[in-house]
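The values are calculated or read from the model by the stated rules, or taken from the named source; none is laboratory data. Keep in mind that this is a model prediction, so the values were computed, not measured. In this analysis, Cβ positions are derived from the backbone assuming ideal geometry, glycine residues included, and neighbour counts consider all displayed protein chains. Only protein heavy atoms, including side chains, enter the accessible area calculation; ligands, DNA and RNA are left aside. Shrake-Rupley method; radii C 1.70, N 1.55, O 1.52, S 1.80 Å.
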Amino acid sequence: MHIYLGTALIAFTTLALEITLTRLLSVITWYHLAFFAISTAMLGMTAGATTVYLKPIWFTKERLNENIAKSCLGYSLATPLSLIILCLLPLQLAASVMSLFALVIATIACSLPFYFSGITITAVLTKHQLPIGKLYASDLIGASLGCLLVLGGLEILDAPSLILLCGSIGILAGFSFSWNNSSFKLRRLSGYAFIILIFLALINSSTLYGIRPFVIKGRAAAPESYLLEKWNSFSRVVIGKCSEGIPQLWGASPLASKDEKIFQHYMNIDGAACTTLRRFSSNDDINHLRFDVTNVAHYLRPGGGACIIGVGGGRDIQSAVLFGHERIVGIDVNPIFINLLKEEFREFAGIADRKEVTLIIDEARSFLSRTKEEYSIIQMSLIDTWAATGAGAYTLSENALYTTEAWQVFFKRLTDNGIFTVSRLYSPDALGETGRAVSLAVATLLRSGISNPSQHIAMVTAKGVSTLLFSKQPFSNHDIAELKKVSSDLQYDLAILPGVQPHNKVLKDIVSANSPEKLSMAIKDKPLNYEPTTDENPYFFNMLRLNHLSSFHQHSSVSRGNLIATITLAGLIFSLLFLTMTTIVLPLAIKSRSDNPVKKSSKILWSGALYFSLIGAGFMFVEIALIQRLSVFLSHPVYALGILLFTIIASAGIGSFLSEHLPLTRFPWIFVYPITMSIAIIAIRFVLPIMLSHMIYSTMLIKIVASILAIFPLGMFMGFFFPLGMRLFRSVSPTETPWYWALNGIFGVLCSALAVFFSIYISISTNFYIAAICYATLLICLFHRWIDNRMIDDSKFLS
């Protein structure tokens, strides 16, 4: 029993550490390098598996549990060391030797704890004689619970402190493995390390001057200027000390006062995305908000209900109050912002106590798909800032707010004359995301049965920011006159106006489209990808066309950020491929060839290698596709992590446990499983869109239950294949099983990067097809194994 517990604990802390490192790296560097944590984790674990394979003498029956306990201690001691190195290093993508050295050091630092946990997990799964189905089930169930640790842990601790806590859990795993047979010296050292790590985690979480990133996105951290620092699974938010200064406006009118001073706190999200939290006790405190282009829609619809998507520091809610809306609903997916406005800055921000204001912690699409309330204005203003998008931070991230299906939800929540307003970054010479937003608006209107979208769309610009307005009804003559007056009075530019041809040719072509076919024709040859994003391909911020790379440097920094992020992903794929070939396949193949001179054994060896590589690849393609598809459906990143990832891994663990009682290795079942798995994957690819479209307006509870029911059978079925492979190939090549586990891991992480690439540039569904092919190809491996055993009696196979 203690072996199963130790396995679950080391898997639990390993996955929790991996996810928490992605949160930490999202602060230190940009989002696309957060993939770095996942890749280096698998690299370290694969190196650990290789060690078990190359050093079998370390893991003989007599020394097995004690050496596994030592590797758990190594994991626990390496974890704080890795954390300190990462917090000290300036990680930036730059064309310099020093940047390369920093990346190499970070790779080693990230990989080190996972090297030791890789040794532990590989030794347990391949050297212990306990039932493999139960061992693998312990591994997967422990890992699935690690997802929940991150969600709960980051509500209490900051990321560095949670990483220290993960290190202490590794020691508990070591105690479990060495329950009866470890030395007194090892137990004493482990006990001291456990106490120190727990003490460090508690102390570190109580101060701003503990173990923290020293350099954040290229800039030195300045904790002396912080008033508060808050972490959760969404972000790290720093609130600066109160200062008096010029009001922060996104798209300021030239007529905005240059002399006005207000009291405000600067808020910093993940080290770069900035907003402000300003004092509000009367309308005089916020009158300057009338001079921001993001608020132009309020001049057209100054009353009725207003819905604010992305509360942040509360500025858009204050704007709605200023313009006299009787009912204001502010929605933010990040609890930190809502709690700040309701608690620490309740009096300062002056929002939470107003009777017309309701603050809701939820994802906007999810909330608006459930509510029946309608609004005269729904506002979504720069909820992703210049700093983040400019570096390509969201290029590789699906976004549930910027798809035609999402905008149709918002559109249906408008009153008959309501306006949906979206503000984005703008440059007339390089439209970037503004062009895509206009295309998305046209597609939404066409899907809603409106044949002449140009009468429903207007766009006003100022100082690098555009505000797109599109309405349920055609803009009236009064609306058009009011837009002209406001633009003239505040010296804004009118980029799109009903009845007037836009000067910008790209905008003219997009707005003029009166059918999906014409819209597609209008944008198909453009250097940037202005295709309206959908739930099938929800990558709004990635506008890179692979066939227009040569002209991409001519566009805005936001577009260049796309290129940086995509090159990073491509570099990651090629690096993983290279590491797979050089550090795993070639050395191990040479050793295996020398140890297996008999050709028949060599065929078995490579059948096993292909089998475990395919199940690693297939599992990851399915996992990524399911999470991407259902996270958009649930419209909530916490649910995607806490429910979807947990369900996939836990159900696979249950499948592994059940495999002990199923005839996996008998004929004909051995060939039935891969075929059934492939059919099930193709079926879920077609069933999911139907299910999601019919349930888009269901309650969140029903959506969650439906997602679990869709995932669970597939995950459970995928859990059969690793135990099946171990039973088939361990009986003829027991010394090769650590290599098989290494290949399973390295192909899993390689294909996770490939799956993201395919989702962006082809579609999410592509990953389902590839996964089905992977599982179908297992038939070749199983057929070779079946032939090799010369089974004449087809009623049994390795029974």
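Restricting attention to the stretch 389-406, the residues that are more than 16 Å from the chain's Cα centre (by Cα) and either modelled with pLDDT of 95 or more or among the charged types (D, E, K, R) (or both) add up to 1.
Would it be correct to say that Thr421 is modelled with pLDDT under 95, open to solvent by less than 10 Å² (accessible area, probe 1.4 Å) and either in contact with a Cys (Cβ under 8 Å, 6 or more places away or on another chain) or closer than 25 Å to Gly251 by Cα (or both)?
Taking the combined requirement at face value, the residue does not satisfy it.
Suppose we filter Gly464, Gly449 for residues that are touching a Phe, Trp or Tyr at 6+ places or on another chain (Cβ under 9 Å) and over 30 Å from Ile624 (Cβ atoms); which single one remains?
Gly464
Taking first residues from the stretch 97-110 that are under 15 Å from Ala37 (Cβ atoms) and partners that are of a type in the set (S, T, N, Q) and crowded, with 17+ Cβ neighbours inside 10 Å, the Cβ contacts under 6 Å between residues at least 6 apart in sequence or on separate chains come to Thr107/Thr40; Ala109/Ser82; Cys110/Thr40.
For the stretch 266-310, the tally of residues that are open to solvent by 10 Å² or more (accessible area, probe 1.4 Å), of a type in the set (A, V, I, L, M), more than 13 Å from Leu382 (Cβ to Cβ) and not in a helix (DSSP H, G or I) stands at 1.
Tell me, yes or no, whether the stretch 476-485 has at least one residue that is in a loop (DSSP other than H, G, I, E, B), open to solvent by 30 Å² or more (accessible area, probe 1.4 Å), out of contact with any helix residue (DSSP H, G or I) (no Cβ under 6 Å at 6 or more places or on another chain) and not basic (Lys, Arg). There is at least one residue in the stretch 476-485 that is in a loop (DSSP other than H, G, I, E, B), open to solvent by 30 Å² or more (accessible area, probe 1.4 Å), out of contact with any helix residue (DSSP H, G or I) (no Cβ under 6 Å at 6 or more places or on another chain) and not basic (Lys, Arg). Looking at Ala320, is it out of contact with any helix residue (DSSP H, G or I) (no Cβ under 6 Å at 6 or more places or on another chain) and either of a type outside the set (Gly, Ala, Ser) or open to solvent by less than 40 Å² (accessible area, probe 1.4 Å) (or both)? Taking the combined requirement at face value, the residue satisfies it. If only residues of the stretch 151-168 that are among the aliphatic types (A, V, I, L, M) and surrounded by fewer than 24 Cβ atoms within 10 Å (Cβ to Cβ) are counted, the one that is nearest to Leu5 (Cα to Cα) is Leu151.
A Cβ distance below 6 Å, combined with a sequence gap of six or more or placement on separate chains, defines the contacts here; from the stretch 251-273, residues that are under 24 Å from Val296 (Cα atoms) reach residues that are crowded, with 20+ Cβ neighbours inside 10 Å and among the basic types (Lys, Arg) in the pairs Ile262/Arg278; Gln264/Arg278.
Taken over the stretch 27-61, the criterion of being of a type in the set (Ser, Thr, Tyr), modelled with pLDDT of 80 or more and open to solvent by 10 Å² or more (accessible area, probe 1.4 Å) is satisfied by Thr50, Thr51, Thr60. Ala462 meets each of the listed conditions (1) in contact (Cβ under 8 Å) with a residue 40 or more places away in the chain; (2) under 30 Å from Leu688 (Cα atoms); (3) of a type in the set (Gly, Ala, Ser); (4) buried (at least 24 other Cβ atoms within 10 Å of the Cβ) apart from (2). I'd like to know if the stretch 707-729 contains one or more residues that are modelled with pLDDT under 80, part of a helix (DSSP H, G or I), surrounded by 23 or more Cβ atoms within 10 Å (Cβ to Cβ) and not hydroxyl-bearing (Ser, Thr, Tyr). Taking every residue of the stretch 707-729 in turn, none turns out to be modelled with pLDDT under 80, part of a helix (DSSP H, G or I), surrounded by 23 or more Cβ atoms within 10 Å (Cβ to Cβ) and not hydroxyl-bearing (Ser, Thr, Tyr).
With the structure loaded, tell me whether Gly432 is on the phi > 0 side of the Ramachandran plot, surrounded by 21 or more Cβ atoms within 10 Å (Cβ to Cβ) and among the small types (Gly, Ala, Ser) or whether it fails that test. Taking the combined requirement at face value, the residue satisfies it.
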